[in-house]
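Enquirer: Below are the structure tokens for one structure; questions will follow.
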Amino acid sequence: MAISSPSSSRSSISKPKLTLGQIFTMSFGFMGVQIGYSLQNANTSRILSAIGADPHHLSLFWLAAPMAGFIVQPIVGLSSDKTWTRLGRRIPFIMGGSIVSALAMFFMPNSGNFAQLLPPLLFGATMLLLMDTSFNVTMQPFRALVSDMVSDAQRKQGYAIQSFLINAGAVVGSLLPYILTWSGVLNEPTPGHKVAPTVIWSFYFGGGALLLSVLWTSFRTKEYPPEEYARYNNLDEETAPKMSFLDLLKNIPPTMWQLAVTQFFSWFALFLMWVYTTQGIAQHIWGTTDPKSAGFNEAGNWTGVIFAAYSVFAAIYSLVLTRITTTLGSKNTYMISLIAGGIGLISMILITDKNLLFISMIGIGMAWASILSLPYSILSSSLPARQTGVYMGIFNATITIPQIAAGLFGGIVLTALGDKAINVIGLAGASMVVAGIFAKVVIKAKD
């Protein structure tokens, strides 16, 4: 059933209560986006290593994602706030970004086949930048769409369902190379190629799933037209003040600054985890650093499996997160979840059996679920309805700046920690614990 706007004769300014199916449909496309994003997270280091990247430089390549987000998301947010089309205000950006994302996913694992155009490493880095830019174009409007469409009473539920779908997509994306290997697809590069067929076909499937799921949301969700949106948010467009981007920056809600402290340490930790897990467990458990070896590629597949595991735990945790926050409060729940994630990351240093890594993923899953939902549910209630999109885009700087910092210093940290990538994971755990402490101490917003 499509989400449709209520009759224009509605006199109440309250947003209508949406069904569970309507909220689910609204964020369904985000699941497909996350399939692609998870494939990128679990396999980018693997692909770049295979086409010649030095491990000490990997974090620099990963800077493409936060740099793209830092620049693109505020622009997309500001633009979508002012966009009203037959498809809506957020949907056009969601659709456009998904198409470019899918194309980049089809090309990136085949970087070695375009050597006549660009060196493979340069081509791969270009596709990574293009993929990350378009992912950001797609993701930001999904966040604003929930804020636009759901009432205050359903806000936590809306973001919890979005978190569940994100993690469901992450499970699929993370497991695809492992599933293909189990199905008999070769997990080592064939003669004359650099990237394993399991990775190449995973990116094909991921790109297709991304497109199909986004199209489902785009054609089954009808956003409120301008007049209804204004009425539901008690806005008078005729007397709306004209605000420059500088004015918007000067009037950032205090809650955003408070959340930024916790965001810095949590996303600093996540970035290090995504970049160095494959190298960390390959060296620590499989005893290899050769990206073309069977052991390294097995470690790459296992990274996808454990990333899928933390996404499973996150999806399950998302289902009860609203109830937990009602009992403990958002800040206490946020603190406990982040500290659990930090303990999970630190525990990976002590584990030499690949199967025991699943235990570590429980805490990481709790942290990931809370990171995907609680900051947005805390923030969205403090945002002016007229500028929701742009402020959501500006808020993305609290995600991208810590990742940029981690990317710039990741190689230095790796060297300082004895060239043992697993030690970098331990540092990420310490950062996540600090984030949990600040979630309780710094954030002053009411639950």
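A short reminder: the numbers here are calculations on the coordinates, not readings from a lab. Keep in mind it's a predicted model, so treat the numbers as computed, not measured. Neighbour counts run over all protein chains shown; Cβ positions are idealised from the backbone, glycine included.
Enquirer: Using label points projected 7 Å from each Cα along Cα→Cβ, tell me how many nm separate LEU117 and THR19, to one decimal.
Expert: Rounded to a tenth, the inter-label distance reads 4.5 nm.
Enquirer: Same structure again: Using 1/(1 + (r/R0)^6) with R0 = 51 angstrom and r between the beta carbons of VAL320 and MET243, what's the FRET efficiency to the nearest 0.05? Intermediate values should be presented prior to the final figure.
Expert: Numbers: r = 39 Å, r/R0 = 0.77.
FRET efficiency, VAL320 to MET243: 0.80.
Enquirer: Over the Cα atoms of segment 1-144, compute the convex hull volume and normalise it per residue, giving Å³.
Expert: Details: hull volume 19.1 nm³, N = 144.
Given the Cα convex hull of segment 1-144, per-residue volume reads 133 Å³.
Enquirer: What's the magnitude of the charge dipole for segment 334-447 around its Cα centre, counting Lys and Arg as +1 and Asp and Glu as -1 at the beta-carbon? Answer in Debye, nearest 20.
Expert: Working: 6 positive and 3 negative charges, 61 e Å.
Here segment 334-447 has a charge dipole of around 300 debye.
Enquirer: Something else: Where Rh denotes the Kirkwood radius from the mean inverse Cα pair distance, what is Rg over Rh for segment 341-432? All intermediate terms of the calculation are to be shown ahead of the outcome.
Expert: Values: Rg = 16.7 Å, Rh = 15.3 Å.
Value, to two decimals: 1.09.
Enquirer: Quick check: residue separation of ASP152 and ALA385 times 0.36 nm, minus the Cα distance between them. What number comes out in nm? Display every interim value, and only then the final one.
Expert: Details: separation 233, 0.36 × 233 = 83.88 nm, distance 1.18 nm.
Extra length available between ASP152 and ALA385 comes to 82.7 nm.
Enquirer: Relative contact order for the chain: what is it in percent, counting Cα pairs under 8 Å that are at least 6 residues apart? If you can, show how the numbers build up before the last one.
Expert: Working: 803 pairs, mean separation 126.3, N = 447.
Once normalised by length, the contact order is 28 percent.
Enquirer: A follow-up question, please. Angle check, please: helix 64-81 long axis (alpha carbons) against the longest principal axis of the chain (alpha carbons), in degrees 0 to 90, nearest 10.
Expert: 20
Enquirer: On to the next question. What base-10 log of the normalised intensity I(q)/I(0) is obtained for segment 50-108 from the Debye formula, alpha carbons as equal point scatterers, at q = 0.15, 0.19, 0.20, 0.25 Å⁻¹?
Expert: Treating every Cα as an identical point scatterer, log10 I(q)/I(0) equals -0.63, -0.84, -0.89, -1.08.
Enquirer: Now, a different point. Based on the Cβ-Cβ distance from THR327 to TYR204, what FRET efficiency comes out when R0 is 56 Å, to the nearest 0.05?
Expert: For THR327 and TYR204, the calculated efficiency is 0.80.
Enquirer: Also, I was wondering about something else. Rounded to whole Å and sorted largest first, what semi-axes of the equivalent ellipsoid does the C-alpha gyration tensor of segment 266-359 yield via the square root of 5 times each eigenvalue? Before the final figure, lay out the partial values.
Expert: Details: eigenvalues 183, 32, 23 Å².
Calculated on Cα positions only, the semi-axes equal 30, 13, 11 Å.
Enquirer: What relative contact order, as a whole-number percentage, does segment 333-447 give when Cα pairs under 8 Å and 6 or more residues apart are counted? It would help to have the intermediate numbers written out before the result.
Expert: On the way: 107 pairs, mean separation 55.8, N = 115.
Worked out over segment 333-447, it gives 48 percent.
Enquirer: Name the long-range amide H neighbours of THR221: under 5 Å, sequence gap of 5 or more, or other chain; modelled H, no Pro or chain starts.
Expert: Hits under the 5 Å cutoff: ILE3.
Enquirer: Percent of Cα-Cα pairs per 10 Å bin, from 0 to the last occupied bin, for segment 341-389, please list those.
Expert: 24, 33, 19, 15, 8, 0
Enquirer: Run the numbers for HIS193 and ALA294: contour at 0.36 nm per residue of separation, minus the present Cα-Cα distance, in nm.
Expert: Full extension of this stretch gives 34.9 nm more.
Enquirer: Among 15-27, 39-51, 311-323, how do they line up by average Cβ neighbours within 10 Å per residue, starting with the highest?
Expert: Descending packing order for the listed peptides: 39-51, 311-323, 15-27.
Enquirer: Can you work out D for segment 150-261 in µm² s⁻¹ from Stokes-Einstein, where Rh is the Kirkwood radius over C-alpha pairs, the temperature is 25 °C and the viscosity is 0.890 mPa s?
Expert: Working: Rh = 19.1 Å.
Calculated translational D: 128 µm²/s.
Enquirer: Just to confirm the number: angle between the C-alpha axis of helix 197-220 and the first principal axis of the chain, 0 to 90 degrees, nearest 10?
Expert: 10
Enquirer: Which lysines have a Cα less than 22 Å from the Cα of LYS444, not counting those fewer than 8 places away in the same chain?
Expert: LYS156, LYS250, LYS331
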